[in-house]
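Everything below concerns the one structure shown next.
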Amino acid sequence: MNDVSDAKNPIVDPAVVAQLKSWGGYVDAKLGFRNHWYPVRFSDELEEGKPSPFQLGGEKLLINRIDGKAYCMADTCLHRGVPLSEKIECYSKATITCWYHGWTYDFKDGNLCDILTDPNSKMIGNRALQTYPVEEAKGLVFVFLGDVAEGDKPPALALDLPPGFLDEDRYALGIRREIGSNWRLGAENGFDTTHIFIHKDSTYITARDAPIPLGFATLPGLELDIHDRDDAPKGVVDPLMGNYQPVFAAEIDGKPALSSHRPDGAHQTIFRISLWLPGILTVENHPEPDITQVEFYVPIDERRHMYFQVLSKAGVTQPEQVQRYREEFTSLHEPLALRGFNDDDIWAREASQSFYDDDRGWLEEQLFEADHNLIAWRKLASDHGRGIQRPPKTGAAKVVEKL
Amino acid sequence: MNDVSDAKNPIVDPAVVAQLKSWGGYVDAKLGFRNHWYPVRFSDELEEGKPSPFQLGGEKLLINRIDGKAYCMADTCLHRGVPLSEKIECYSKATITCWYHGWTYDFKDGNLCDILTDPNSKMIGNRALQTYPVEEAKGLVFVFLGDVAEGDKPPALALDLPPGFLDEDRYALGIRREIGSNWRLGAENGFDTTHIFIHKDSTYITARDAPIPLGFATLPGLELDIHDRDDAPKGVVDPLMGNYQPVFAAEIDGKPALSSHRPDGAHQTIFRISLWLPGILTVENHPEPDITQVEFYVPIDERRHMYFQVLSKAGVTQPEQVQRYREEFTSLHEPLALRGFNDDDIWAREASQSFYDDDRGWLEEQLFEADHNLIAWRKLASDHGRGIQRPPKTGAAKVVEKL
Amino acid sequence: MNDVSDAKNPIVDPAVVAQLKSWGGYVDAKLGFRNHWYPVRFSDELEEGKPSPFQLGGEKLLINRIDGKAYCMADTCLHRGVPLSEKIECYSKATITCWYHGWTYDFKDGNLCDILTDPNSKMIGNRALQTYPVEEAKGLVFVFLGDVAEGDKPPALALDLPPGFLDEDRYALGIRREIGSNWRLGAENGFDTTHIFIHKDSTYITARDAPIPLGFATLPGLELDIHDRDDAPKGVVDPLMGNYQPVFAAEIDGKPALSSHRPDGAHQTIFRISLWLPGILTVENHPEPDITQVEFYVPIDERRHMYFQVLSKAGVTQPEQVQRYREEFTSLHEPLALRGFNDDDIWAREASQSFYDDDRGWLEEQLFEADHNLIAWRKLASDHGRGIQRPPKTGAAKVVEKL
């Protein structure tokens, strides 16, 4: 791993990180991996000329749309450290002016272009706030949380997305929610195959009379598909088929104890699952055969993540297809699958938070065979994350001094 | 003191403990003494097959009744550290299954007897959650918060109860409440003779037109009865008689300032008070001549204790006697004595908490002559407590690894 | 600086203080400067024989009026550390008795004059609570938060007030409010000239159609009047005239961006501003030509200050003048100037708090030319503050041991 950020300001006890050699970097990345792209809004949320504050990897940031294009800048005035968003004042299209003493910043480069209370100040033109690259794709606004040297470009957005997500014939719709757990407990909840146990009573399953296993008995010779090629997305694919035997009935002390909603029903659909850097799950053919559920677990701070639940459907290109998919999404997938079904995942993540809160849970957890894909993910993330996100000083993004 | 628990994880600054040589162990026992019996419920609260979560000495535990007998087990799944009680799922009489991945534990020995999501796992039968011995007596459920080597038995429950409490002709009734102070501030409030000052305006006193002194002037040659014999309960008995002169009128700067409700009324009843390990008060002949009030100050965590207020009455053996005592308890003793009168003790303890919260209060307090019985108690507890309760890792009880 | 208080208990990281050589003392004075006078109440708030609790520089104190004269004493009983104010019990005019065990203290010297529960105790007459000198002037009650050796007197109150405040022909009226920021963010908000930017939309300005500049462009050769003579109040006076050019219209990137409410109206009134130890602002001729606004920023604890807003008017000596001024104050100045106009200052201070909360803001802030008067103030305060207020042990005032 190439850690370009400040290693002097750890938020995870280095003694804990050191004990977890194979995935120390992952445990260290409590605030996420730096130098990666993260979705922060849906495109239709971002209005022209309406700066909006958000938090990403512990940093307080602003996003604004100017002449259609999105820009991201730190939300902390250089002068006395107040949040610009406490009272948003924009006196020109491309700038924001601090409500306190009139320091004015250009959204495009963060430059302190004017100070309205003192036009004679020598600070003007010689200071800048941190800015981050922004791109939009498939209806999502992505921010590159990282450092780009002058003249350089950030890595391609496609490298931080699951393969196929940007395919021309796919259309994405989704929702986002703030969740009270670290982002890794979100990612692991999604990729973990045996958490299916919490969905056994979901009305989404029983209402459709669908079969769902209680669990997945591990078979000998568990195999995963590790994607770690240069210049391609990095991720772990669990094919499911061949690794596990679905469990429809369970015993305790040798006696029947519990059976699934439709113990007779085989689990027919082939759906692979995969987890990609910097924290993106895909579940193929879910909730419908022609849809891939894509989940982004975006670090807000140590204890919260933004949960983007996106359904990417193939073969949706014509306006009437989009219209029909929107109706299907709004009336069916969002209420029943993204909310009804996934609501259980949310409280499960939040119930895990206290054990991992002080980082010692990573030492004390006792993983079992079915967690082999989580272990592969942790190692891959530790090896291929482009940097550890460190807490910014006093919550502000980095200061660029030009003088 | 035989400290069998983990001394590497202190919650009280060792420098503070070291300065208080005579009662350092007591100051260290912020979470209570380990290897002792504590009441955690009334027997009639504990229903068959309804596991109930509680906290004791900082540990998150579950208690359940199976075929009439009570069992206590840790409430933290070994796998990913979630509380089992977050969503209780029991699929056989003697077990609880973790709602997240189906790990199933036997209440009787904590054994990981099955994993419903993967019956092939090698963890099954090779891991166990911490369990603690449970006994019931006089309508109370007691948990032994301590370590018992295989084949051994815990110390007898009677050793952690005031002498006579288990006598066959006594019947106990009571209530319990959660109090916002450390357990020691509860115990000391109860045993401290001069705190009687806070009861001077109690309607329980004025309504019955009962005499109650404002305080107790200390006499020369204060004497206590120290119970520290092997194989017997350890405690300090203050006979009251001979140690103090009741104060019915007080002066300030030599002028009359305050007199008690009935300054003429002598304090007639002989009632001794005593304080026993691990934190149990008795007040004899209170609130009535034939009743002993027994108070248990049970550590929940650093800042809270469960306050068990029990009235143990002699000569109650026949059903009709029990019935009459219940009516008397419900209509008179509970509302007027346990709630009305003792409510003042509760806010007094809570008002003391902030001074002792960071443990420096133990260095800065200025005890006076009347506190001699508290000093004797602190020394006895430091010498005879069977261990210091340490905070469990991440709130979980100890893990027993069998592999 | 003569630091007579306990330097062993710093609340600001000494490494931060050391980096800020010129104004390290100021940064260290998070709880205020010790050995100075602070207003704590208006005189008409303090009733005879009604002790009232408050906090000053992190210390929990009581103030009481006895035979017309005000006294200040610690609010923490020496015995078990409870707040006397939890339940106030006074059984003689000059004393307060602790509700818990009857320890009784004399307000005039803090002496433990009696213990109502045990008149035989040898503690009586041999212990005392901390007391502080109190003086009243111009309708305010001032407490000297400092140490006075036996036989000595504290420095004169006039040394801790702006020159002229005690003049016989001036009459002071005001209000006080608790603000959620450190006291220094209050003081700097008031003295900082360019914060005028936040008042540009104030209805107090627009309703009166008054001119107010957007800011003050700094001119070459900024000059201040530093008052650091022995035996006189210590402060920094900014004459405004000559230092700045009022800004009525502002540009961004060379184009007109914003103009003040009345860009034509010159700012006519001469009003100097000044800031005095231990934290008192004056604004002359504000809100009316014959009134000086005097603001006291009194440290409550690390994160709160009591904001005294006082209007001192000249030529108010006769009862009918006082009456007219009271009516003017109540109907006009209080609602429109002290509340309407200054309300913006309050949220500005509170919005600054998080950046300075862990003290690193003092290292990371980027001051500009207009902040020259704040820099002068910080240096003056560091050089002439009479001591650093340190956090009292467990919130109690110092204990005087006489034995």
Which of the residues belonging to region B:255-266 are touching a residue at least 60 places away in the same chain (Cβ under 8 Å) and away from chain C (no Cβ under 11 Å)? B:His261
Single unsatisfied condition, B:Asn373 versus (1) within 14 Å of chain C (Cβ to nearest Cβ); (2) within 27 Å of B:Asp167 (Cβ to Cβ); (3) within 16 Å of the chain's Cα centre (by Cα); (4) of a type outside the set (Val, Ile, Thr): (3)
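Conditions (1) at pLDDT 95 or above; (2) more than 30 Å from A:Ser382 (Cβ to Cβ); (3) aliphatic (A, V, I, L, M), marked per residue:
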position: A:Tyr297; (1), (2), (3): yes, no, no
position: A:Ser312; (1), (2), (3): yes, no, no
position: A:Gly315; (1), (2), (3): yes, yes, no
position: A:Glu320; (1), (2), (3): yes, yes, no
position: A:Thr330; (1), (2), (3): yes, yes, no
position: A:Glu334; (1), (2), (3): yes, yes, no
position: A:Gly340; (1), (2), (3): no, yes, no
position: A:Asp345; (1), (2), (3): yes, no, no
position: A:Ser352; (1), (2), (3): yes, no, no
Checking C:His101 against (1) touching a Gly at 6+ places or on another chain (Cβ under 8 Å); (2) of a type outside the set (Val, Ile, Thr); (3) not in a loop (DSSP other than H, G, I, E, B); (4) not assigned by TED's automatic domain parsing to the domain that holds C:Gln293, which single condition isn't satisfied? (3)
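Quick check: is even one residue across region A:268-289 polar (S, T, N, Q), within 24 Å of A:Tyr171 (Cα to Cα) and out of contact with any Pro (no Cβ under 7 Å at 6 or more places or on another chain)?
Let us first name the residues in region A:268-289 that are polar (S, T, N, Q), namely A:268-269, A:274, A:282, A:285.
The next check asks that each one be within 24 Å of A:Tyr171 (Cα to Cα); those that pass are A:269, A:274, A:282, A:285.
If we keep only those that are out of contact with any Pro (no Cβ under 7 Å at 6 or more places or on another chain) as well, we get A:285.
Yes; the residues of region A:268-289 include at least one that is polar (S, T, N, Q), within 24 Å of A:Tyr171 (Cα to Cα) and out of contact with any Pro (no Cβ under 7 Å at 6 or more places or on another chain).
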Taking the residues in region A:228-254 that are outside any loop (DSSP other than H, G, I, E, B) and closer than 14 Å to A:Leu281 by Cα as candidates, determine which candidate is farthest from the other protein chains (Cβ to nearest Cβ). A:Gly235
Please indicate, with yes or no, whether at least one residue in region A:43-50 is part of a loop (DSSP other than H, G, I, E, B), outside the structural domain of A:Gly279 (by TED's automatic domain parsing) and more than 25 Å from the chain's Cα centre (by Cα). yes
Out of all the residues in region B:161-198, which are part of a helix (DSSP H, G or I) and polar (S, T, N, Q)? B:Asn189, B:Thr193, B:Thr194
When the residues of region B:176-187 are filtered to those that are surrounded by 16 or more Cβ atoms within 10 Å (Cβ to Cβ) and among the small types (Gly, Ala, Ser), which remaining residue is nearest to the other protein chains (Cβ to nearest Cβ)? B:Ser181
Residues that are touching a Pro at 6+ places or on another chain (Cβ under 8 Å) and surrounded by 15 or more Cβ atoms within 10 Å (Cβ to Cβ), drawn from region B:146-175: B:Gly146, B:Pro154, B:Ala158, B:Leu159, B:Asp160, B:Leu161, B:Pro162, B:Pro163
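For A:Ala217, state whether it is in a strand (DSSP E or B) and either touching a strand residue (DSSP E or B) at 6+ places or on another chain (Cβ under 6 Å) or closer than 30 Å to A:Leu166 by Cα (or both).
Details: in a strand (DSSP E or B): yes; either touching a strand residue (DSSP E or B) at 6+ places or on another chain (Cβ under 6 Å) or closer than 30 Å to A:Leu166 by Cα (or both): yes.
Criteria met by A:Ala217.
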Of the conditions (1) in contact with a Pro (Cβ under 8 Å, 6 or more places away or on another chain); (2) over 15 Å from C:Ala187 (Cβ atoms), C:Ser312 fails just one. Which one is it? (1)
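Could you check, for region B:8-31, whether at least one of its residues is among the small types (Gly, Ala, Ser) and more than 21 Å from B:Lys379 (Cβ to Cβ)?
Quick first cut of region B:8-31, residues among the small types (Gly, Ala, Ser) only: B:15, B:18, B:22, B:24-25, B:29.
Remaining after also requiring more than 21 Å from B:Lys379 (Cβ to Cβ): none.
The answer is no, given that none of the residues of region B:8-31 is among the small types (Gly, Ala, Ser) and more than 21 Å from B:Lys379 (Cβ to Cβ).
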For region C:311-330, name all the residues that are surrounded by fewer than 20 Cβ atoms within 10 Å (Cβ to Cβ), part of a helix (DSSP H, G or I) and not aliphatic (A, V, I, L, M). C:Pro319, C:Glu320, C:Gln321, C:Gln323, C:Arg324, C:Tyr325, C:Arg326, C:Glu327, C:Glu328, C:Thr330
For B:His333, state whether it is part of a loop (DSSP other than H, G, I, E, B), in contact with a strand residue (DSSP E or B) (Cβ under 7 Å, 6 or more places away or on another chain) and surrounded by 15 or more Cβ atoms within 10 Å (Cβ to Cβ). no
Out of B:Cys113, B:Cys90, report the one residue that is among the hydrophobic types (A, V, I, L, M, F, W, C), closer than 26 Å to A:Asp344 by Cα, surrounded by fewer than 24 Cβ atoms within 10 Å (Cβ to Cβ) and within 7 Å of chain A (Cβ to nearest Cβ). B:Cys113
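Here is a yes/no grid of residues against (1) under 17 Å from the mean Cα position of the chain (by Cα); (2) of a type in the set (Val, Ile, Thr); (3) surrounded by 15 or more Cβ atoms within 10 Å (Cβ to Cβ):
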{"residue": "C:Phe144", "(1), (2), (3)": "yes, no, yes"}
{"residue": "C:Asn189", "(1), (2), (3)": "yes, no, yes"}
{"residue": "C:Ile198", "(1), (2), (3)": "no, yes, yes"}
{"residue": "C:Ala207", "(1), (2), (3)": "no, no, no"}
When you check A:Ala172 against the structure, is it facing chain B (nearest Cβ under 10 Å) and either modelled with pLDDT of 95 or more or in contact with a strand residue (DSSP E or B) (Cβ under 7 Å, 6 or more places away or on another chain) (or both), yes or no? no
Test B:Phe308 against the criterion of being assigned to a strand (DSSP E or B) and away from chain C (no Cβ under 14 Å), and give yes or no. yes
What do you reckon, is A:Ala158 more than 10 Å from every other protein chain (Cβ to nearest Cβ), assigned to a helix (DSSP H, G or I) and at negative phi? yes
Inspect region A:203-213 for any residue being of a type in the set (D, E, K, R) and modelled with pLDDT of 95 or more and give the result as yes or no. no
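Here is a yes/no grid of residues against (1) more than 21 Å from A:Leu62 (Cα to Cα); (2) in contact (Cβ under 8 Å) with a residue 60 or more places away in the chain:
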{"position": "A:Ala128", "(1), (2)": "no, yes"}
{"position": "A:Thr131", "(1), (2)": "no, yes"}
{"position": "A:Val148", "(1), (2)": "no, no"}
{"position": "A:Ala156", "(1), (2)": "yes, no"}
{"position": "A:Leu161", "(1), (2)": "yes, yes"}
{"position": "A:Ala172", "(1), (2)": "yes, yes"}
{"position": "A:Glu178", "(1), (2)": "no, yes"}
{"position": "A:Gly186", "(1), (2)": "yes, yes"}
When region C:43-80 is checked residue by residue, the ones that are buried (at least 24 other Cβ atoms within 10 Å of the Cβ), of a type in the set (Val, Ile, Thr) and within 14 Å of chain B (Cβ to nearest Cβ) are C:Thr76
What is the residue count in region A:336-369 for residues that are out of contact with any Lys or Arg (no Cβ under 7 Å at 6 or more places or on another chain), assigned to a helix (DSSP H, G or I), surrounded by 15 or more Cβ atoms within 10 Å (Cβ to Cβ) and more than 9 Å from every other protein chain (Cβ to nearest Cβ)? 12
Is there a residue being assigned to a loop (DSSP other than H, G, I, E, B), farther than 20 Å from A:Asp301 by Cα and not hydrophobic (A, V, I, L, M, F, W, C) anywhere in region A:27-41? no
Being touching a Cys at 6+ places or on another chain (Cβ under 9 Å) and either hydroxyl-bearing (Ser, Thr, Tyr) or within 7 Å of another protein chain (Cβ to nearest Cβ) (or both) is the filter here; which residues of region C:117-133 pass it? C:Thr131, C:Tyr132
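The values are calculated or read from the model by the stated rules, or taken from the named source; none is laboratory data. Note that the structure is predicted; figures quoted are calculated from it, not measured. Note that we place each Cβ from the backbone using ideal geometry, even for glycine, and neighbour counts take in every protein chain shown.
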